[in-house]
Number of protein chains: 2
Amino acid sequence: MARVESPLRERAEAPKQGDEGAPEAWLVFDADVAAAMADLRAGDDALVLTWLDRADRSVLTVRPRSDPSRPETGVFSTRSPDRPNPIGLHRVRVLEVDGLRVRVGDLEAIDGTPVVDVKRVLERPGDR
Amino acid sequence: MARVESPLRERAEAPKQGDEGAPEAWLVFDADVAAAMADLRAGDDALVLTWLDRADRSVLTVRPRSDPSRPETGVFSTRSPDRPNPIGLHRVRVLEVDGLRVRVGDLEAIDGTPVVDVKRVLERPGDR
């Protein structure tokens, strides 16, 4: 459907959340979903859902923020990328649309990560 | 992983968003993810991700809110459940935890919908 193009190449380089210094990235859509992304515009806020294909799906508990002083916690109470179904959820601002390529700000997903869905942010009932 | 138990039986009964009159529902987890959900507590706010298995994955454009006066819009700029990868995103409050069963408020997903992930809501950096 789409993939992330990012200067982040390794998990170790990626911040834990997009607002913790993540870079701009491109979402590169396949032609078969061109109609679905045709109304994305610079300035839109959107939720990008990714499949974190380098995550460890066997992990059920983690220490949040990789902090050894914090107790082991079930991953559904955390934002660990390692979890049974590693779907990443990223709120981004659309910065530019160029054909099938969409530039977004502050995306912590690494290069090559599959994009599985994009949803416009609905801030107010009037946005619906 | 888990499924929704809800009084909503048909898509036509379901509100478009959880805060538009959706009922309480139970998330019923499989035993193999018990450790992942063990730290969910009444009062937590969480994002529930579902696989909207009754959605039409061939739909690329819709009229938002099913309103015929609105223009055909690419689904990535809408919250249509019909989309190439129909992942539902639902913000809920946890009301009760009973073993592998978790009662939540305001869930518009219909009975039997697969739950694919749960993520705690991080409101503030101090929550991370």
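The values are calculated or read from the model by the stated rules, or taken from the named source; none is laboratory data. Keep in mind the model is a prediction, meaning the values are calculated, not measured. Quick reminder, even Gly has a Cβ in these numbers, built from the backbone with ideal geometry, and neighbours come from all protein chains shown. Side chains included, ligands, DNA and RNA excluded: accessible areas come from the protein's heavy atoms. Shrake-Rupley method; radii C 1.70, N 1.55, O 1.52, S 1.80 Å.
The table below lists the values:
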item: Positive minus negative residues near residue B:100 (Lys, Arg vs Asp, Glu; Cβ under 14 Å); result: -3
item: Candidate residues B:1, B:37: accessible-area rank, largest first, probe 1.4 Å; result: B:1, B:37
item: Accessible area (Å², 1.4 Å probe, nearest 10) - residue A:16; result: 100
item: Positive dipole terminus of chain A, leading residue within A:29, A:80, A:92 (C-beta point charges); result: A:80
item: Prolate/oblate/rounded call for the range A:26-70, Cα gyration tensor, a/c under 1.5 rounded; result: prolate
item: Coil-residue GluC sites (Glu not before Pro) of the range A:20-84, DSSP, other Cβ within 10 Å capped at 13; result: A:20, A:72
item: Helical mean residue ellipticity (222 nm; -39500 (n - 2.57) per DSSP H run of 4+; nearest 500) of the protein assembly as shown; result: -500 deg cm²/dmol
item: Qualifying lysines (Cα of each under 19 Å from Cα of residue A:119; at least 8 residues distant if same chain); result: B:16, B:119
item: Centre separation in Å (Cα based) which lies between the range B:1-65 and the range A:39-91; result: 18
item: Value of relative contact order over chain A, rounded to a whole percent, pairs C-alpha under 8 Å and six or more apart; result: 40
item: Charge context of residue B:7, other residues only, Cβ under 10 angstrom, K/R +1, D/E -1; result: -3
item: Chain A: proportion of alpha-carbon pairs further apart than 17 angstrom, %; result: 59
item: Cα coordinate range in the protein assembly as shown, projected on the principal axes (Å, largest first); result: 47, 45, 28
item: Cβ charges +1 (Lys, Arg) and -1 (Asp, Glu), total dipole of the protein assembly as shown, debye; result: 140
item: Residue A:10 accessible area, 1.4 Å probe, all protein chains in place, Å² to nearest 10; result: 110
item: Simple label model, 7 Å out from Cα along Cβ direction - residue B:19 to residue A:41, nm; result: 2.3
